[in-house]
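Below is one structure, written out as structure tokens; comments come after it.
Every number in this text was worked out from the coordinates using simple rules, so none of it is lab data. It should be emphasised that the depicted structure is a prediction, and the values quoted were computed from it without experimental measurement.
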Amino acid sequence: MRRFLQKILLRPVQRLSARYASRPQRERVFGALSDLHAGIRKGEQGRGRILSFEAVAGKFIIFSDQHKGGGNGADDFMVCAPAYLHALEHYNREGFHLIVSGDCEELWENSWTSVRKAHAQSFERECAFHKRGAFTKIFGNHDLIWDNDPLAPVYLRSVYGTDVPVYEGALLRTTIGGRQFDLLCTHGHQGDEASDGNWFSKFFVARIWAPLQAWLEINPNTPAYDATLKSLHNSLMYEWSAAQQQLLLITGHTHQPVFESLTHLERLYRSLLHARAASDDVAIAATEAEIRKRKFQYHSVGENYLSLKPTYFNTGCCCYANGSITGIEISEGALRLICWTRSGTAFVRSVLEEAPLEELAAALQAPKAGLSEMQ
């Protein structure tokens, strides 16, 4: 029956995918992010919370895109669950505030009951943060039910014990050099009509359209798998963030880590320019080798990557095929892109990129060095 329906519904599904799949539009993205930012600052109910912290003493870990499924072969999170559990144990022990920034549960393809049962340990570890008052949950496009399902509070109480508000974003606020400095955290699906439209649009996608696609096994392109959409998403998120004052933007959604508005490959190319300028043969050889390896993971380098302001960051995801997870960590006055991966029987935390908050704040006050200044 499924194969028969696939045959007769393939073209209609593909036509509808053009409308309901991820296709961010600049005006919609900019409007949605600006509305969210303003709504959080005004204290509008449900938009988000402001988390004030001391620049040096504050501790946050931001993970997104776990996509916890039903524990079967289609559950992308299963292979990453051990690293996630180990990371949460570490961060809870160290007193971090946990922000889960959307698509935490894969509720397009799975029932809540199956997800809750398959990942009871993960919810238990997250609950430890909730009990300390150090837990912020943000919804994404694959767990839209947290925003529009009247039973969502009941579902959440079943794993966290008490009510858990779910927001569209969070604003981390501190003071650096006597100036207010904000970091806006959100999933990053804003501006997609299907994921960020009216109530009916979101209900239709989450409850009817996405389950139908999953059952038919007809998958439209999404930023997580489509290189072109990743680049478009990153460009739009960067453009909006670069136009703001004293603000960094941290999203997920694409499953592609971005640090200081650059992918890892772009940062490697920048490092290569510096190494060549310094005639550092060892650094040149090591960087070129890393570039050859990373080209399989990243499909493009932006033409203007050397002149971007360091305003946009992306957590990556917690569902990589090799079992590793990435996230954004804030502690000791620095912002870091971190990776947790298995090494034998242990799990190792690696710092992939790092920048002091003070330097990031200062960089927003001055133009970024261009290619001509590096050569």
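What to note about this one:
- For the stretch 76-198, a Kirkwood radius taken over Cα pairs fed into Stokes-Einstein (4 °C, viscosity 1.567 mPa s) yields D = 83 µm²/s.
- Kirkwood Rh, Cα atoms: Rg over Rh of the stretch 119-163: 0.96
- Based on every Cα atom in the stretch 127-192, Rg and the maximum pairwise Cα distance Dmax equal 14.5, 45 Å.
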